[in-house]
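As structure tokens, the structure follows; a few thoughts come after it.
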Amino acid sequence: MKITRIETCGLRGATPEGGWSNELRPDDVVHTLVAVHTDAGVVGIGSAFTTQHLVDAALEVLSPLLLGEEALDVERLTETLHQSAFWMGRGGSLTHATSAIDIALWDVVGQALGQPVGRLLGGRHRELVRPYASLLMDEPAILRDNLTAMVDAGFEAFKIGWWKFGRVDAATDERTVAAAREAVGDRLLAVDAGGSEAFFPGTLAWAKRTAAMLRDYDVAWFEEALPPEDIDGFVELRASSPVPISGGEVLTRRQSFQPYLERRAFDIVQPDTTKGGGLSESRRIGWMAADHGVRLVPHGWNTGVGLAADLQLASALPGTDLVEYKTGSAYVDDLVSGGWRLDADGTLAIPSAPGLGISLDADALGRYGTNPRFADVER
């Protein structure tokens, strides 16, 4: 089964706010779908958390290493892409594009073998996984209303992040967390400082004080409490924090995660499968994390295709019982045929159909895709 072509499709028109200092606009393209076509007519779909222009440019470098190759050799191919990217952008745009290609190749293999990807990644440890509703912080009254709406929608776990947290004063931080706890009751609540934002002002001293405050509100984990490069700070913070410390969403390739795990910088590691190297790398990071007593909970501020990949990953890792669900995003809610349905316990069924187990919705692709004829939307 040979790879015959690779095509891309950016998503625009409904891009949600990201909480970034240079805020996203609805027509900004920050998510790009990738389709890998084969001579057997099987088409695999992946997703990259980066702009289509960068993915297209990356494919000028990567495509010659893929076209005509055996599509079933997923990890041989994607490791070749990583190994060949040394001079052109390893860890950056080439890795982001490789992430989508890797997801798409696993989708191809699953379809070809008639198995869900999670089984091919090592086996299905679970059939259901709990998504946590992920949304930006806001003024307390607005935040309470937003969270209450998600409670009413059936979510049983939540994460709030970014906005003014760590950027104004301690009183603002605590008022925000108190409002969230009031809205969600005794359900799981995590807090994300957004330390990967440009010029994030949070210091180690602030993070230590804030971790103590978060303990009082029974927060499940404190995410991105420091800039991502501050490995020494994370090590010191985790050693003293009364709540679990998480991070890693902007790190790419397993080698970048290794020193954080070896130095015990995180209780929870959060690779983004659509940026960090795809399912192949996320699985390896998950195994390495488990060897160090660390949980993997994937970062998933992306698309319905990215969510499908995270669900398959969660099925294949024994300790991964949560996935991130970006609320209020048409690229998550509408892009997949049939959408997503929470059960009465607030969990999602992991697709059991071959590959990622999803089909793209043709109408949504027509509304939001830069390439309306992208791939073959009928699986």
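Figures for the structure shown
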quantity: Cross-chain or 6+ apart pairs with Cβ under 9 Å, the range 282-310 first and under 25 Å from residue 259 (Cα atoms) and in contact (Cβ under 8 Å) with a residue 40 or more places away in the chain, then open to solvent by 30 Å² or more (accessible area, probe 1.4 Å) and among the aliphatic types (A, V, I, L, M); calculated: 299/250
quantity: Candidates 119, 126, 76, 130, filtered to the one that is at negative phi, basic (Lys, Arg) and touching a helix residue (DSSP H, G or I) at 6+ places or on another chain (Cβ under 7 Å); calculated: 126
quantity: Residue 28, sole failed condition from (1) touching a strand residue (DSSP E or B) at 6+ places or on another chain (Cβ under 7 Å); (2) surrounded by 14 or more Cβ atoms within 10 Å (Cβ to Cβ); calculated: (1)
quantity: Qualifying residue in the range 241-250 (condition: out of contact with any helix residue (DSSP H, G or I) (no Cβ under 7 Å at 6 or more places or on another chain), farther than 29 Å from residue 80 by Cβ and open to solvent by 40 Å² or more (accessible area, probe 1.4 Å)); calculated: yes
quantity: Top-ranked residue in the range 147-164 [being in contact (Cβ under 8 Å) with a residue 12 or more places away in the chain and either open to solvent by 40 Å² or more (accessible area, probe 1.4 Å) or assigned to a helix (DSSP H, G or I) (or both); ranked as nearest to residue 298 (Cα to Cα)]; calculated: 156
quantity: Every residue from the range 251-268 that is touching a residue at least 60 places away in the same chain (Cβ under 8 Å) and either in a helix (DSSP H, G or I) or open to solvent by 50 Å² or more (accessible area, probe 1.4 Å) (or both); calculated: 253, 256
quantity: Complete set of residues in the range 295-308 that are in a loop (DSSP other than H, G, I, E, B) and open to solvent by less than 10 Å² (accessible area, probe 1.4 Å); calculated: 297, 298, 300, 302, 303
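For every residue, the table says whether it meets (1) open to solvent by 60 Å² or more (accessible area, probe 1.4 Å); (2) part of a helix (DSSP H, G or I); (3) of a type in the set (A, V, I, L, M).
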site: 10; (1), (2), (3): no, no, no
site: 14; (1), (2), (3): no, no, yes
site: 17; (1), (2), (3): yes, no, no
site: 35; (1), (2), (3): no, no, yes
site: 46; (1), (2), (3): no, no, no
site: 77; (1), (2), (3): no, yes, yes
site: 88; (1), (2), (3): yes, no, yes
site: 91; (1), (2), (3): no, no, no
site: 94; (1), (2), (3): no, yes, yes
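The values are calculated or read from the model by the stated rules, or taken from the named source; none is laboratory data. Everything numeric in this text was worked out from a predicted model, so none of it was measured. Positions of Cβ are backbone-derived with ideal geometry, glycine not excepted, and every protein chain shown enters the neighbour counts. Keep in mind that these areas ignore ligands, DNA and RNA; they rest on the heavy atoms of the full protein, side chains included. Shrake-Rupley method; radii C 1.70, N 1.55, O 1.52, S 1.80 Å.
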